[in-house]
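Comments concern the structure below.
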Amino acid sequence: MTQLENALHYLDQYHDEMLFLWETLVKMESPSADPAAIDLLASHLDTYCRALGMETEKLRPEGAGACLAAWTAPQALPPVLLLGHMDTVHPVGSFPGGPWRVEGDTVYGPGVHDCKGGLVIALYVIRALQHAGYDRRQLKLVTVSDEETGHSLSRMAAVDFLESHAKGCGAAFTFESGLPDGTLVTRRKGGGVIRLDVEGIASHCGTAPEKGASAIREAARKVVAIEDLTDFDHVTFNCGKISGGTSVNTIPAACGVDICIRFHSNQERDAAMEKVRAICNKVETPNTRCTLGPLMGFPAMEELPRTAELVKVYGDASEALGLGRPGTVGTAGCSDSAYTTSMGIPTLCAVGVLGEGQHSPNEHASISSLLSQAKRLTAAILALPDSF
């Protein structure tokens, strides 16, 4: 029996156990803003990985739940990175019908698709490869705690943790929600939030308006100028939240604007930030001043010179299993794949379970895809050329 045959047979044997772990993880509801719930899930996965003989490390950033990394023994070739996240967008107890509901081949639940089914795939791919005696590459699993918030809760500490463990990897696979037909995601728009703060001078608007300097007036000018930068084919700007002032009869001394930008490439991002800075630095209301915070969010996931080669490896492996050759697509949603591609690591995203409805009460996934997606990835890792 070949290594591949051995690994695939192992997955077939443990399908029911995979399904049970999936149910367990989904029922451990873990919204981004509930660090204690994520800590519990991270501890569960930590124990699981240690039982597989893996070394582990946890990081508990202030303001966010724990992040977890686990890895097998070092090998001669560069490691393979398996990347996911533990947090979900659904408040505990909010999912219709409870956190786990099965209808035929479809399962509904918070995070069932995004991306706890993918975490199960990652763990069982590791188990199957270990069982088959795979020793060509170290396998690294990294799962973070605040991906759904753009890592704002951890103030990007989760990204630093991710990147420290991704360093030196030859290829990465991200267990984001798989598209219904198994299409791979090889590029994603980047996006994030910038905070613009305007300071003015407070004064009574009736008795001494000339002594004041309106922060809201200056912010309003900035909002119009920034949104006018939008080019729907390239970069979009949305000033989606604004707050300021203390009372209606007081010239406002402060105003804040949260700006969301989306971009196709990191070059577009850099150019956009320069334009926003120029607007920020141009004062139109005397005695006001503006401060621009850092961009908090995701870079763009860009295709690298070797992305197509990694797609071919995965596609050849899938086709050899009789599972077809998946296509590729770019999407508007952000993911942590952007950080690995920014590090120069060829990355395939959306290799998790197949489904739809993530971030909605209709989030669901195909039960049968749990096994087929695990088999595809197992075969791809076994076929990965030494050059990666």
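If a/c stays under 1.5 just call it rounded; otherwise compare a/b with b/c (prolate if a/b is bigger, oblate if not). Do that for the stretch 1-143, with a ≥ b ≥ c from the square roots of the Cα gyration tensor eigenvalues. It is oblate, given that a/c is not under 1.5 and a/b is not larger than b/c. The alpha carbon convex hull volume per residue for the stretch 228-383 rounds to 157 Å³.
The modelled label-to-label distance between Thr207 and Thr24, using points 7 Å beyond Cα along the C-beta direction, is 7.0 nm. Could you give me D for the chain, from Stokes-Einstein at 10 °C and 1.306 mPa s, where the hydrodynamic radius is the Kirkwood radius over C-alpha pairs? Units µm² s⁻¹, please. Result for D is 71 µm²/s.
From the square roots a ≥ b ≥ c of the eigenvalues of the alpha-carbon gyration tensor of the stretch 91-201, which class results: rounded (a/c under 1.5), prolate (a/b over b/c), or oblate?
Working: a/c = 2.25, a/b = 1.26, b/c = 1.79.
It comes out oblate by the Cα gyration axes.
Provide the packing ranking of 270-283, 356-369, 56-69, 12-25, i.e. peptides ordered by the mean count of other C-beta atoms within 10 Å per residue, highest first.
On the way: 270-283: 14.6, 356-369: 18.1, 56-69: 20.2, 12-25: 16.2.
In descending order of packing, they fall as 56-69, 356-369, 12-25, 270-283.
Taking every alpha-carbon pair under 8 Å whose residues sit at least 6 apart, the chain reaches a relative contact order of 23 percent. Legend: residue pairs Lys116/Lys140; Lys211/Lys275; Lys140/Lys189; Lys27/Lys375; Lys189/Lys222, Cα-Cα distance threshold 22 Å; pairs beyond threshold, Lys211/Lys275; Lys140/Lys189; Lys27/Lys375; Lys189/Lys222.
Near Thr230, the amide H atoms lying under 5 Å from its own belong to Phe237; only residues 5 or more places off or on other chains count, and H is placed 1.01 Å from N.
The smallest convex shape that holds all Cα atoms of the stretch 29-109, its convex hull, gives 129 Å³ per residue.
What's the extension gain from Glu199 to Ala271 if we count 0.36 nm per residue and subtract their Cα-Cα distance? Please list the in-between numbers first.
On the way: separation 72, 0.36 × 72 = 25.92 nm, distance 2.56 nm.
Taking Glu199 through Ala271 to full extension adds about 23.4 nm, to one decimal.
The share of alpha-carbon pairs in the stretch 136-207 lying farther apart than 20 Å comes to 56%. Share of carbon and sulfur in the accessible area of the chain stands at 53%, probe radius 1.4 Å. Taking label positions 7 Å along the Cα-Cβ direction at both Ser387 and Thr106, the computed distance is 4.3 nm, reported to one decimal.
Stretch Asn6-Asp258 to full length: gain in nm at 0.36 nm per residue minus the Cα-Cα span?
Details: separation 252, 0.36 × 252 = 90.72 nm, distance 5.30 nm.
The Asn6-Asp258 span can extend by a further 85.4 nm.
I'd like the FRET efficiency for Ala73 and Thr291, computed as 1/(1 + (r/R0)^6) with the beta carbon distance as r and R0 of 35 Å, rounded to 0.05.
On the way: r = 49 Å, r/R0 = 1.40.
Working from the Cβ atoms, E equals 0.10.
Taking a probe of 1.4 Å, how large is the accessible area per residue of the chain, in Å²? Walk me through the numbers on the way to the answer.
Details: 16000 Å² over 388 residues.
It amounts to 41 Å² per residue over the chain.
When only Cα pairs below 8 angstrom with a gap of at least 6 residues are kept, the stretch 153-271 shows a relative contact order of 29 percent. Each residue of the stretch 315-332 was assigned a 3J(HN,Hα) from its phi angle through the Karplus expression (A = 6.51, B = -1.76, C = 1.60, θ = phi - 60°), giving x, 4, 5, 5, 5, 5, 7, x, 9, x, 10, x, x, 10, 7, x, 10, 8 Hz with x at Gly and Pro. Using a simple spin-label model with points 7 Å from Cα along the Cα→Cβ vector, what separation in nm is obtained for Asp160 and Arg136? Between Asp160 and Arg136, the simple spin-label model gives 3.6 nm. Taking 0.36 nm per residue of sequence separation and removing the Cα-Cα distance, the Thr250/His234 pair yields an extension gain of 1.8 nm.
Phi-derived couplings, Karplus 6.51 cos²θ - 1.76 cosθ + 1.60 at θ = phi - 60°, listed residue by residue for the stretch 52-63: 8, x, 8, 7, 9, 9, 10, 10, 10, x, 5, x Hz, with x used for Gly and Pro.
Each residue of the stretch 335-345 was assigned a 3J(HN,Hα) from its phi angle through the Karplus expression (A = 6.51, B = -1.76, C = 1.60, θ = phi - 60°), giving 7, 5, 4, 4, 6, 6, 5, 5, 8, x, 9 Hz with x at Gly and Pro.
Among beta bridges from DSSP that stay inside the chain, the antiparallel ones total about 70%.
The values are calculated or read from the model by the stated rules, or taken from the named source; none is laboratory data. Because the structure is a prediction, the values reported are computed rather than measured. Because the Cβ atoms are built from the backbone with ideal geometry, glycine has one as well, and the counts that use them run over all protein chains shown. Accessible surface is based on the protein model in full, side chains and every heavy atom, while ligands, DNA and RNA are left aside. Shrake-Rupley method; radii C 1.70, N 1.55, O 1.52, S 1.80 Å.
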